[in-house]
Amino acid sequence: MKTWRVSCFILSTSLTSPHSDNTILPNGGFLKNMYLKWKQIYTVVFLTAIVVGVSCRSDARAESNLFPVYPIIQPNVTFWTDIYTRYASNQGVIHDKRHMNRIYGSIELADPDLPGGRKINRQRIKKAKKKYKRILAKLMRGDPPSGLLENQVATLFGPDSKPGDFRLAMRNIRCQIGQKDRFLAGIIRSGAYIDKIKQTFRSAGLPEDLAYLPHVESSFNPRAYSKFGAAGIWQFTRSTGRSYLRVDYIIDERRDPILSSFAAVKFLRHNYRKLKTWPMAITAYNHGTAGMLRAQRSHGNYETIFKNYRSRIFRFASRNFYSEFLAAREAAENYRQYFGDLKLDSPTKSIEIVLNGYVSLPEVARHLKLSIAELRNLNPALRHPVFLGQKYVPGGYRLRLPEKNNEGIENITVYLPDKLYRHHQKRSHIYTVRRGDTAGKIARTHGVKLNDLLAANNLGARATIYINQNIKIPLPDEKTTNSAGRDLYAPKKHRESQFPKAQPVNKPPEPNPMLEFMLAQNTGDHTRHAEPLPVVISEQSLAVKDNSEQRSIPTTDLWQLKQVTYEPQLKPEMVESHFVVKRVWKQRGIPVGTIRVEAEETLGHYAEWLNVTAAAIRRLNGLRYGRSLHLSQQIKIPLHRTTQEEFEEKRFEYHQELAEDFFASYHIGKVLTYSIKKGDSIWSLCHQEFEVPLWLIKRYNADVDFNALIPSQQLLIPVVEKNA
């Protein structure tokens, strides 16, 4: 920008010099003057072009200095560039995870979304690794290579290789699945957001190339969701996201590409201020700021960390994260070179209105004659219960509406009359199912309509409930849309096309004897009627009827097997932990209750739900700073700023949120048994061994004390597969 100002000043000075006027002079002086004038202009333009060219090269060098490609990581950058631009997802690259330029070969993979596809791929990858391990073992023994493949592998190590090099390489064989097709789809999707995101970074004074980071995190997929709860294009975890965004059961701003980009700016700027270089700050995006500060204190600069740093959690993903960013930037900036001309998605035109109070989104959709799908596409931060009508959109929310016929926002606001606004959010009471309960009985006891109860809990037509299941009791006057998006309070003519006549939905909450009888017959926890189908994993398994124990209890002989697979019958998406406050009393004039810690809960969660500080909870329980909670630990909570019912509701909704978001993206393919080994911890098993969240493993092992695992103890481990 400064270069352009200088050039313009020189040019304007030339044109306004005393000898540059158009006065007619004798003997052809006018033409001579014009010749001299354009000669000056040409000279200035030529010099300006040189200066601008030098400036652009300086900017490029400055950008290169911000994101240096160190010689030590160049092989990794080249590797990931090939993964993004050369190998598709039906190809697996067999390589050395420490020496990324050591590529042994590639294999063909099946479509993982086809039946049996993942199993086929596991077998092919395992077979390929064994093949190369045999070759490396032969070379380690000093046997000369024979055949083309063995000679190719030997060439990768060079003539000075030692037996130890081959031994180490045997442990470092890895398969990386190609991502060309996914990266290509990400580039197309990025067209809807990339310019706005770059502008956001520029406005904050940060390098705009950071806008390419979502290619590594999510391929610019706003619906991306990891097994451990990272969401959106920036893949913020819930804890990190809450530092910059609203993340709860109603709104999850991590899923909004634009709103989450503002959070990414703040987070990356925070990392840079702490770590001083962009390679370190970007690596901290994956590894954590505190972790990179520890690495920096012990090893110094990025190159040394990359070469020598070892820790329990600084593993392959963290070590390669900066290299992946550089490769993604290269592939995205020069996508025409790698993919040809592409038609990128365009930004969606919309307008925003600020809501004056709580509103039901299905009611707004009907009033504005919009579909729920349109509103969902424009408002990705709103969670599923809002679109079902189970929760209201809160007041003050900037609701996006489609821009149609260039209507201005002043014309749209009149379409939301005062009658659509509510003063309070929908509240739900949580009830734990007991033996003998049916859906109809629970609805009658709490004075709500049966269909409202079914819709609020997505129970379906059979209304199967289980002992210890937590279900929401909607308020008597709530109007709810069921899981299929059907309006239970639609006009009668439309409603009859949605539901059988035998299941009327517009009656007062008196029981329907025939419907209730049918529901009771199909309710697995009603002791007087049919029991649920048993869980069968072998002829030796023992089926248990209550859902509190509804998991297979194999006999001793069965436990001696190393691995058992079966079709899972457990409903892991069902929330059945104990969220009720045990008892409440007054301590020094303040109401206090006791709870037991459930999976994925922290002091930070309790502080959020109770509207107090974590320090206050620590003081109440005599916990020193830095001490973590453990599963089933009993702690006291203060209830002077939040009622017991509000706390229980928020706690339930948090766990409901985990389950709903997880099973929107994943399903359980099968369940294995695992025998605990010496040195195992539940953290290492969840994050490193199986990549399954603790709350999910706990649901399959309800009676296991995860604080005291012992060798040879058996765990049921669900195998998680991504939804097609």
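FYI, it's all coordinate maths here, none of it is from the lab. The structure displayed is predicted, hence computed values, not measured ones. Cβ placement follows ideal geometry from the backbone for every residue including glycine, while neighbour counts extend to all protein chains displayed.
Once you have the Cα-Cα distance between residue 339 and residue 165, take 0.36 nm times their residue separation minus that, and quote the gain in nm to one decimal.
58.9 nm
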Fill in: Projected label distance in nm at residue 429 and residue 315, using a 7 Å step from Cα toward the beta-carbon
4.6 nm
Worksheet item: Between residue 625 and residue 707, what FRET efficiency follows from the Cβ-Cβ distance if R0 is 22 Å, with the result rounded to 0.05?
Response: 0.60
Discussion item. Under the 0.36 nm per residue contour assumption, what length would be gained going from the current alpha-carbon distance of residue 72 and residue 308 to full extension?
Written reply: 83.8 nm
Item to complete: Could you let me know the centre-to-centre spacing of segment 76-144 and segment 616-687, using Cα atoms, in angstrom?
Response: 37 Å
Practice prompt. Starting with the highest mean, order 215-222, 695-702 by the number of other Cβ atoms within 10 Å, averaged over the residues of each peptide.
Written response: 215-222, 695-702
Worksheet item: In whole Hz, what ³J(HN,Hα) sequence does segment 443-452 give by Karplus (6.51, -1.76, 1.60; θ = phi - 60°), x for Gly and Pro?
Response: 4, 5, 4, 9, x, 10, 6, 4, 5, 5
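Defining a contact as two alpha carbons under 8 Å apart and six or more residues distant in sequence, what relative contact order in percent does segment 91-200 show?
32 percent
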Item to complete: Using a/c under 1.5 as the rounded threshold, could you call segment 584-661 rounded, prolate or oblate? The axes a ≥ b ≥ c are square roots of the C-alpha gyration tensor eigenvalues, and prolate needs a/b larger than b/c, oblate otherwise.
Response: oblate
Fill in: Amide H contacts under 5 Å for residue 717, placed H, 5+ residues apart
672, 673, 674
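Over segment 584-661, what is the relative contact order in whole percent, taking alpha-carbon pairs under 8 Å and six or more residues apart?
37 percent
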Discussion item. Can you give me the C-alpha center-to-center distance between segment 162-223 and segment 248-266, rounded to a whole angstrom?
Written reply: 19 Å
Item to complete: Going by C-beta contacts inside 10 Å, put 649, 253, 108 in order with the fewest on the left.
Response: 108, 649, 253
Response to the item:
Quick note, segment 597-720: a/c under 1.5 would make it rounded; otherwise a/b > b/c is prolate and the rest oblate (a ≥ b ≥ c, C-alpha gyration tensor); here it is oblate
Fill in: Dipole magnitude (debye, nearest 20) for segment 181-339, charges at Cβ of Lys, Arg, Asp, Glu
640 debye
Discussion item. Expected output is a single nm value to one decimal: the length gained when fully extending between residue 644 and residue 578, i.e. 0.36 nm times separation in residues minus the C-alpha distance. What is it?
Written reply: 22.4 nm
Worksheet item: Between rounded, prolate and oblate, where does segment 90-177 land on the alpha carbon gyration tensor, with a ≥ b ≥ c its root eigenvalues, rounded for a/c under 1.5, else prolate if a/b exceeds b/c?
Response: prolate
Fill in: residue 418 paired with residue 721, simple spin-label distance in nm, labels 7 Å along Cα-to-beta-carbon
5.6 nm
Practice prompt. Using only alpha carbons, build the gyration tensor for segment 308-461 and give me the equivalent ellipsoid semi-axes, biggest first, whole Å.
Written response: 41, 30, 15
Item to complete: Rank the residues 260, 628, 161, 190 as a footprinting-exposure proxy: fewest other Cβ atoms within 10 Å of their Cβ go first.
Response: 628, 161, 190, 260
Worksheet entry | Ranked 278, 585, criterion: other C-beta atoms within 10 Å, fewest first | 585, 278
